[in-house]
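**Student:** Below you will find the structure I want to go over with you.
Derivation of every value follows stated rules applied to the coordinates shown; laboratory data play no part. This is a predicted model, so every value here is computed, not measured. So basically every Cβ, Gly included, is an ideal-geometry build from the backbone, and we count neighbours across all protein chains shown.
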Amino acid sequence: MNCSSSCAACWRTSPQRQIIEQDNAVLAQHRRALLALSDDLGARLRTSDQNATGVTLTVRYADASPTRRSRTLSEATQHTVLLARTAYTLYDSLGPQHHAARLRCGE
């Protein structure tokens with residue numbers, strides 16, 4: 001594709017742009033889900049006066065294959081922000097395949 005005359009016009013119609021927009025939408029949706037799960041976990045920990053010493057993220061891909069990532073926390077916590085940051089780090093460690101992940105609560 002020759003974009004010399006109007007790069008902006010080419011970018012607006014480019015298949016790569018559509019893929020990037022879809023990937024960004026999936027990423028945002030997954031990050032919202034991770035934050036909601038972290039918020040729920042933090043609330044349950046605070047209610048029961050317990051602390052988490054680690055976080056485990058299990059994702060299931062479109063082909064139903066699971067992947068699990070775990071991280072031990074440097075100190076026990078019940079703070080949503082720390083739980084969410086750890087979940088984001090684990091999610092990011094999935095690399096490019098994280099876009100194919102299906103996050104579900106309670107499984």
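**Student:** If you average 1/r over all unlike Cα pairs in the stretch 25-102 and invert the result, what Kirkwood radius do you get in angstrom? Mind dumping the intermediate values first?
**Tutor:** On the way: mean 1/r = 0.0776 Å⁻¹.
Over the stretch 25-102, the inverse of the mean reciprocal pair distance is 12.9 Å.
**Student:** Shifting gears a bit: For the stretch 25-102, what is the relative contact order in percent, using Cα pairs closer than 8 Å and at least 6 residues apart in sequence?
**Tutor:** 36 percent
**Student:** Can you list the HN-Hα couplings for the stretch 27-33, worked out from phi with the Karplus curve (6.51, -1.76, 1.60; θ = phi - 60°), rounded to whole Hz and with x for Gly and Pro?
**Tutor:** Once rounded to whole Hz, the list reads 4, 5, 5, 5, 5, 5, 5.
**Student:** A further question on this structure: Which of the trypsin sites (Lys or Arg not before Pro) found in the stretch 41-75 are loop residues per DSSP with 10 or fewer other Cβ atoms within 10 Å of their Cβ?
**Tutor:** Answer in residue order: no site qualifies.
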